[in-house]
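Colleague: Just passing along the structure, written as structure tokens.
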Amino acid sequence: MRPLDGPSSRVPIGNGGRAISAVLARPARHDLRVQRLVLVSGHTGTGKSALANVIASDLSCAVGSFDWLMSALRSISEVWQVVELPVERQRLVGWSLLSRLAEQELRHGRSLVLDLVAREPPRQEWVALADRYSAQFRVIECTCRDVEVLRRRVEHRCRDIPDWYELTWSQVERSRSNYVALEEPKLVVDAVNPLKQNLALVREYVGISLVQSP
């Protein structure tokens, strides 16, 4: 097997990044007095879920995933018929579910990592929510400057989310052309770069330090 910080890090590892978490996540140190609400966004196929899972492992907290929450609604056909279209309604439902989850976790003194293709309205709502609970808010935006790398990532990924679906490359191309980048402040990471390099940047930005081996 090739090392994950070499060329193989440029294609996705399946099952929502669990393999990445298992290999790369080392014992981490962070200020337990600081609650964190971390938003990991970016267009499809750029490694959001993989980074979100590692950050959550570092912080010993949960990941609030748009796709996982919405898959529960999709499993109930009568509900999904109402929620699915128009897509603006589907987004609002998903954002609302994530907002409730975030408030529940922050209210009980826990951190949370949000994993989704975000827009400015929910980002601003989550900024206000984090401020209300005196939590640190961080935005990480995932990109991929190499279209061929992105295509390979999309065509090979398999997250295996129950009752959910994987987008085709043609669908990703269309959604990518409509993607609107989030406003500053944020950290932007590129999936073309080595995974370990991106993780180092993310951990520094969030305020996580790894425990050094003796």
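A short reminder: the numbers here are calculations on the coordinates, not readings from a lab. None of these values were measured; they are calculated from a predicted model. Counting neighbours? That spans all protein chains shown, and the Cβs are built from the backbone with ideal geometry, glycine included.
Colleague: Please rank Asp115, Asp163, fewest neighbouring Cβ atoms within 10 Å first, as an exposure proxy.
Modeller: Ascending Cβ contact count within 10 Å gives the list Asp163, Asp115.
Colleague: Could you point to the residue in Ala181, Val192, Leu101 farthest towards the positive end of region 7-210's charge dipole, with +1 and -1 charges on the Cβ of Lys/Arg and Asp/Glu respectively?
Modeller: Selected residue: Val192.
Colleague: Sticking with this one: Please get the size of the charge dipole for region 85-214, origin at its Cα centre, with Cβ charges of +1 on Lys and Arg and -1 on Asp and Glu, quoted in debye to the nearest 20.
Modeller: 120
Colleague: Calculate, for Ala128 and Arg33, the FRET efficiency according to 1/(1 + (r/R0)^6) with r their C-beta to C-beta distance and R0 22 Å; round to the nearest 0.05.
Modeller: In this case the efficiency is close to 0.55.
Colleague: Ok, one more. Give the calculated FRET efficiency between Leu97 and His156 to the nearest 0.05, with a Förster radius of 25 Å applied to their Cβ-Cβ distance.
Modeller: About 0.30, to the nearest 0.05.
Colleague: Only sites in a loop by DSSP and with at most 15 other Cβ atoms within 10 Å count here; which GluC sites (Glu not before Pro) in region 27-109 make the cut?
Modeller: Counting only loop positions with at most 15 other Cβ atoms within 10 Å, the GluC sites (Glu not before Pro) in region 27-109 are Glu84.
Colleague: I would also like to ask the following. Counting pairs of Cα atoms in region 7-210, how many percent are more than 29 Å apart?
Modeller: More than 29 Å apart: 20 percent of the Cα pairs in region 7-210.
Colleague: Counting other beta carbons within 10 Å of each residue's own, what order do Thr46, Thr168, Thr143 fall into, fewest first?
Modeller: Ordered from fewest to most neighbouring Cβ atoms within 10 Å, Thr46, Thr168, Thr143 come out as Thr168, Thr143, Thr46.
Colleague: Among Val82, His156, Asn53, which residue has its Cα furthest toward the positive end of the charge dipole of region 7-210, with +1 on Lys/Arg Cβ and -1 on Asp/Glu Cβ?
Modeller: Asn53
Colleague: Determine the gain in length on full extension of the stretch Arg110-Glu166; use 0.36 nm per residue of separation and subtract their C-alpha separation, reporting nm with one decimal.
Modeller: Length gained, Arg110 through Glu166: 17.1 nm.
Colleague: Under a point spin-label approximation (7 Å from Cα along Cα-to-Cβ), what is the Val180-Val82 distance to one decimal in nm?
Modeller: Going from the Val180 label point to the Val82 one covers 2.8 nm.
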